[in-house]
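Have a look at the structure below, then the notes.
No lab work stands behind these numbers, since they all come straight from the coordinates. Remember, predicted model here, so these are calculated numbers, not experimental data. Ideal geometry is used to build each Cβ from the backbone, glycine not excepted, and the neighbour counts take in all protein chains shown.
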Amino acid sequence: MPPNHFICSCCGKSKPIDQRILLGGDALCYACAEEFTTLCDRCGERVYRRETRQVDHHMLCPQCCGKVRAQN
Ligand SMILES: [Zn+2]
Ligand SMILES: [Zn+2]
């Protein structure tokens with residue numbers, strides 16, 4: 001692997017480390033982050049799309065879903 005590169009957890013390709021996006025224990029490249037993750041509409045945290053819930057037309061991370069439900 002070239003110096004200053006990392007292996008993307010998602011696509012498995014070697015990418016420059018300045019294109020690394022950390023999400024939980026994973027390191028994603030920009031392309032994978034764009035495709036598989038989104039930002040929570042409520043707290044702004046990056047989260048996997050598959051883990052988001054749509055509530056009142058907002059995409060929320062699991063933590064915010066819990067908070068929203070608790071408030072109602
Ligand atoms: Zn990738
Ligand atoms: Zn959130």
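For the pair Arg49 and Cys11, label points projected 7 Å from Cα toward Cβ lie 1.4 nm apart. Along the charge dipole of the chain, pointing to its positive end and built from +1/-1 on Cβ of Lys, Arg, Asp and Glu, which listed residue (Val47, Gly66, Gly24) has its Cα farthest out? Going by the charge dipole, the pick is Gly66. Against the chain, whose longest principal axis is taken from its Cα atoms, helix 62-71 shows a tilt of about 10°.
The GluC sites (Glu not before Pro) of the chain that meet both conditions, a loop assignment by DSSP and at most 16 other Cβ atoms within 10 Å of the site Cβ, are Glu45.
Compactness of the chain is given as radius of gyration and Dmax, 14.6, 51 Å, from Cα positions.
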